[in-house]
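Okay, so here's the structure we're looking at.
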Amino acid sequence: MRFISNYLKQAAFFIASLLFATCIIAPSVFAAGYTWTDQVAAGSRNWSSIASSSDGSHLAAVDNGGDIWTSTDSGTTWTNQTAGTSASGQSWASIASSADGTKLAAVENSTGDIWTSTDSGTTWTNQTAGTPANIPGWSDITSSTDGTKLAAVENDTSNIWTSTDSGTTWTNQTAGTPASGQLWYGITSSTDGTKLAAVAYTYSGDIWTSTDSGTTWTNQTAGTPASGQLWYGITSSADGTKLAAVENNTSDIWTSTDSGTTWTNQTTGTTASGKSWASITSSSDGSHLAVVDATPGDIWTAYDPPLNKSLNNSGSGSNSGSSNSSPDSPAPKAPDTGYGVPAQSSPLITAFIASGIISTGAGLAMLYRQRKASRN
């Protein structure tokens, strides 16, 4: 009778939670999503890259073959900062920003220079003209939050370059090393600039990482399924532990939770596989991802809630108090649903999550509450 009573209690709790989540929580919080606005003030241009301050108020975007535009109101209005200057008409490939939006750095792949600004894009300085870093092949650039540490990749001599003085001087970090000669296409940085990760766009290309601001590099994917995937872009969490990368071989999205040591294909066999992924970005904690598909041009988002950690670390308790259980032989964890939620914790709830009947956030909240109630 006690078993039946507990079962009915949990069933009643689940139904009440489901009604509450679908009627109140899901529409107002968990399923809120983003509201997208087409900001037309800067016109329709051949945009190739955009960068943001940490609060999203300061934006800077580059027009390939045109100019550098900035916004101080989150994109509502835009100012052409380079029209009529020597920085106009460049083949801009990428731009990076400091956390406060005052320090900017942009690379272009025609004359092959790196330009920087210390006044939110109002004025620009060519830092590499006449130097060894003047290379017609820059493809991407990244910045630390204070804007002092920069790292850029190029696919002419195919090396990785770094700067520790906001772009004034540059050092080739990979010349003469195994990391040289890659067709580098993307690079990302932790907030302090110590952890870097770069991707190469070839069928023999890999993902390489550095833990010393680019001085030394390690090939993390050689000999693994993640090798040779025509990597196109990569992004990092603030601490550099969570990475996500897009590729155009099987056209999937891969993630790592250990600073790039191991990688998991997150989209194979799903509707998000087989896309023409062009770029990816991440929230500071790595829980939110946004990816752009060049053809037909959709934007995809993903969310992996931090709550997963507390749920996934709790044991099943099936051997609690048993004579054959010990700290050296813990009970096996339940299989994972793909969101970090043990599938055995509630098959019905996880089925609703997987089928889209309820949002991931609502389901996680219900699982947490159900588990808490079952312990009482």
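The values are calculated or read from the model by the stated rules, or taken from the named source; none is laboratory data. This is a predicted model, so every value here is computed, not measured. Reconstructed Cβ throughout: ideal geometry from the backbone, glycine too, with neighbour counts over all protein chains shown.
The table that follows gives values for the structure above.
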item	result
Cβ-Cβ under 9 Å pairs, at least 6 apart or on other chains, segment 259-271 side over 23 Å from Ala238 (Cα atoms), far side of a type in the set (A, V, I, L, M)	Thr267/Ile253
Residues of segment 149-172 that turn out to be out of contact with any Lys or Arg (no Cβ under 8 Å at 6 or more places or on another chain) and either farther than 18 Å from Ala198 by Cα or hydrophobic (A, V, I, L, M, F, W, C) (or both), as a count	11
Those residues of segment 266-282 which are more than 14 Å from the chain's Cα centre (by Cα) and among the polar types (S, T, N, Q), in sequence order	Thr267, Thr268, Thr270, Thr271, Ser273, Ser276
Residue, nearest to the chain's Cα centre (by Cα), within segment 121-133, restricted to residues that are outside any strand (DSSP E or B) and crowded, with 16+ Cβ neighbours inside 10 Å	Gly121
Lone unmet requirement of (1) in contact with a Phe, Trp or Tyr (Cβ under 6 Å, 6 or more places away or on another chain); (2) at positive phi; (3) not acidic (Asp, Glu) for Trp208	(2)
Segment 272-286, residues that are more than 24 Å from Ile50 (Cβ to Cβ) and either of a type in the set (Ser, Thr, Tyr) or in contact (Cβ under 8 Å) with a residue 60 or more places away in the chain (or both)	Ser273
Residue in segment 246-254 that is aromatic (Phe, Trp, Tyr), assigned to a strand (DSSP E or B), surrounded by 23 or more Cβ atoms within 10 Å (Cβ to Cβ) and under 13 Å from the mean Cα position of the chain (by Cα) present	yes
Condition broken by Thr157, with the remaining ones in (1) farther than 30 Å from Asp119 by Cβ; (2) β-branched (Val, Ile, Thr); (3) at pLDDT 95 or above satisfied	(3)
Asn46 vs. criteria without any contact (Cβ under 8 Å) to a residue 40 or more places away in the chain and more than 24 Å from Glu154 (Cα to Cα)	no
Unique match (being of a type in the set (Gly, Ala, Ser), surrounded by fewer than 19 Cβ atoms within 10 Å (Cβ to Cβ) and free of Cβ contacts under 8 Å to residues at least 24 places away in the same chain) among Ser57, Ser74	Ser74
Residue satisfying condition, being under 29 Å from Leu183 (Cβ atoms) and either in contact with a helix residue (DSSP H, G or I) (Cβ under 6 Å, 6 or more places away or on another chain) or free of Cβ contacts under 8 Å to residues at least 60 places away in the same chain (or both), within set Ala151, Ala105, Ala96	Ala96
Segment 122-142 residues that are more than 16 Å from Val153 (Cα to Cα) and modelled with pLDDT under 95, paired with ones that are assigned to a loop (DSSP other than H, G, I, E, B) and among the aliphatic types (A, V, I, L, M) (beta carbon under 9 Å, 6 or more apart)	none
Sole exception among (1) surrounded by fewer than 23 Cβ atoms within 10 Å (Cβ to Cβ); (2) closer than 26 Å to Tyr232 by Cβ; (3) acidic (Asp, Glu) for Asp165, by number	(2)
Residue list for segment 72-90, restricted to those being touching a Phe, Trp or Tyr at 6+ places or on another chain (Cβ under 9 Å) and more than 21 Å from Ser166 (Cα to Cα)	Trp78, Thr79, Asn80, Thr85
Tally of residues being in a loop (DSSP other than H, G, I, E, B) and under 12 Å from the mean Cα position of the chain (by Cα) across segment 184-202	1
Answer residue from segment 272-284, given it is of a type in the set (A, V, I, L, M, F, W, C) and either touching a helix residue (DSSP H, G or I) at 6+ places or on another chain (Cβ under 7 Å) or over 22 Å from Asp239 (Cβ atoms) (or both) and is surrounded by the most Cβ atoms within 10 Å (Cβ to Cβ) among those	Trp277
Single unsatisfied condition, Thr85 versus (1) over 24 Å from Gly186 (Cβ atoms); (2) surrounded by 15 or more Cβ atoms within 10 Å (Cβ to Cβ)	(2)
Matching strands (runs of 3 or more DSSP E) fully within segment 14-91 where at least 2 residues are at pLDDT below 90 and out of contact with any Cys (no Cβ under 6 Å at 6 or more places or on another chain)	47-52
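Condition check ((1) under 26 Å from Ser287 (Cα atoms); (2) in contact with an Asp or Glu (Cβ under 6 Å, 6 or more places away or on another chain); (3) touching a residue at least 40 places away in the same chain (Cβ under 8 Å)) across all residues:
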| residue | (1), (2), (3) |
| --- | --- |
| Asn155 | no, no, yes |
| Thr168 | no, no, yes |
| Gly193 | yes, no, yes |
| Gly223 | no, no, no |
| Gly233 | yes, no, yes |
| Leu243 | yes, no, yes |
